[in-house]
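Chemist: Sharing a structure here in C-alpha cells format.
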Amino acid sequence: RKEVEQDPGPFNVPEGATVAFNCTYSNSASQSFFWYRQDCRKEPKLLMSVYSSGNEDGRFTAQLNRASQYISLLIRDSKLSDSATYLCVVPPGTDKLIFGTGTRLQVFP
Amino acid sequence: AAGVIQSPRHLIKEKRETATLKCYPIPRHDTVYWYQQGPGQDPQFLISFYEKMQSDKGSIPDRFSAQQFSDYHSELNMSSLELGDSALYFCASRFGGLNTEAFFGQGTRLTVV
C-alpha cells in the first residue's frame with residue numbers, strides 16, 4: 001500500500017458545483033497534512049494546511065479524520081480557475097514530505 | 001516576499017553528460033527538499049537537508065548527489081545522465097520542523113537527449 005493515496009480522478013464538474021477529494025495515509029505518526037495545487041508544468045503551490053480536525057478558507061474546506069486516517073478537500077462553488085491537480089502531502093513523522101498521486105479536477109462552463 | 005529560487009529553469013544535456021541544479025531556499029528556511037517529477041507523475045522525493053546535513057533520502061539514484069552549503073543553498077549533481085532522467089526537478093524549503101509548510105521553487109526542466 002502506498003503511504004499516501006488519493007482518489008484517482010479526473011473529476012469533471014460544471015462551474016458552481018461542489019466537489020470533494022479524499023486522501024488516505026498509512027502512517028499514524030503523521031501530525032500535519034497539506035493540500036497543494038499544481039497547474040500543468042508548474043510548481044506545487046500550498047493551498048491549505050491541516051493540523052487538527054480541519055481548516056476552512058473561503059470556498060475550500062479540509063477535514064481530517066485521524067481514526068480512519070484520511071483527509072478530504074471540499075471545494076464549493078467551483079470556478080474554471082480551480083481546474084488543476086490537487087496533491088495531498090503527508091509528512092510521515094519524519095522530515096520528508098510524501099505526495100499522493102494527485103487528483104485532477106477539470107471545471108467546465 | 002522572497003520565494004525559492006531554482007536555476008537554471010531549463011537545461012538540455014546529452015546522455016552521459018553531467019548536470020548541476022541549484023536551489024536557493026527562502027531566507028531563514030533550514031530545510032531543503034529535492035523532488036523529481038516525470039510527465040504525468042506525482043513528485044518523487046529524492047533527498048532532503050536540514051541545517052546543511054542530509055536528513056532523509058528517497059529514491060535518488062547513485063549517479064546523483066546533493067549537498068547543502070553554508071549559505072543554505074543546495075545543489076543537485078547528476079552524472080552519467082540517462083534519457084529517463086528527463087523530468088521536472090523541484091526544490092522546496094521549509095522552516096521550523098515537521099509541521100510547517102514547504103514552499104516550492106518553479107523547478108528546473110531537464111531534458112536529456
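Chemist: Which is among the small types (Gly, Ala, Ser) and surrounded by 15 or more Cβ atoms within 10 Å (Cβ to Cβ), of A:Gly58, A:Gly16, A:Gly9?
Modeler: When all the criteria are applied, what remains is A:Gly9.
Chemist: Let me ask something else about it. Inside the stretch A:61-96, can you point out the residues that are hydrophobic (A, V, I, L, M, F, W, C), in contact (Cβ under 8 Å) with a residue 12 or more places away in the chain and surrounded by fewer than 17 Cβ atoms within 10 Å (Cβ to Cβ)? I'd like the intermediate steps shown before the answer.
Modeler: Of the residues in the stretch A:61-96, the ones hydrophobic (A, V, I, L, M, F, W, C) are A:62, A:64, A:67, A:71, A:73-75, A:80, A:84, A:87-90.
With in contact (Cβ under 8 Å) with a residue 12 or more places away in the chain added as a condition, the list becomes A:62, A:64, A:71, A:73-75, A:80, A:84, A:87-90.
Passing the criteria: A:Leu74, A:Leu80.
Chemist: Would you mention how many residues in the stretch A:41-71 are over 28 Å from B:Gly107 (Cβ atoms), more than 14 Å from every other protein chain (Cβ to nearest Cβ) and of a type outside the set (Phe, Trp, Tyr)?
Modeler: 10
Chemist: Right, something else. Listed residues A:Gly9, A:Gly16; which is more than 13 Å from the chain's Cα centre (by Cα), in contact (Cβ under 8 Å) with a residue 24 or more places away in the chain and more than 11 Å from every other protein chain (Cβ to nearest Cβ)?
Modeler: After ruling out the rest, the residue left standing is A:Gly16.
Chemist: Quick check: is even one residue across the stretch B:93-103 away from chain A (no Cβ under 14 Å) and not in a strand (DSSP E or B)?
Modeler: No, the stretch B:93-103 contains no residue that is away from chain A (no Cβ under 14 Å) and not in a strand (DSSP E or B).
Chemist: A further question follows. Among the residues of the stretch B:57-72, write down those that are surrounded by fewer than 17 Cβ atoms within 10 Å (Cβ to Cβ) and either within 14 Å of chain A (Cβ to nearest Cβ) or in a loop (DSSP other than H, G, I, E, B) (or both).
Modeler: Quick first cut of the stretch B:57-72, residues surrounded by fewer than 17 Cβ atoms within 10 Å (Cβ to Cβ) only: B:57-59, B:61-63, B:65, B:67, B:69-71.
Answer for the stretch B:57-72, where residues must be surrounded by fewer than 17 Cβ atoms within 10 Å (Cβ to Cβ) and either within 14 Å of chain A (Cβ to nearest Cβ) or in a loop (DSSP other than H, G, I, E, B) (or both): B:Lys57, B:Gly58, B:Ser59, B:Pro61, B:Asp62, B:Arg63, B:Phe69, B:Ser70, B:Asp71.
Chemist: Return the total of residues in the stretch B:34-56 being farther than 23 Å from A:Trp35 by Cβ and within 13 Å of chain A (Cβ to nearest Cβ). Quick ask: steps written out before the conclusion?
Modeler: Going through the stretch B:34-56, the residues farther than 23 Å from A:Trp35 by Cβ turn out to be B:47, B:49-55.
Now narrow it down to the ones that are within 13 Å of chain A (Cβ to nearest Cβ): B:47, B:49-51, B:53-55.
The qualifying residues number 7.
Chemist: Only one of (1) within 14 Å of chain B (Cβ to nearest Cβ); (2) more than 12 Å from the chain's Cα centre (by Cα) is not met by A:Arg76, so which one is it?
Modeler: Single failed check for A:Arg76: (1).
Read-outs throughout are calculated quantities, based only on the coordinates presented, and are distinct from any laboratory measurement. In this text, all values refer to a predicted model and were calculated from it rather than measured experimentally. In this analysis, Cβ positions are derived from the backbone assuming ideal geometry, glycine residues included, and neighbour counts consider all displayed protein chains.
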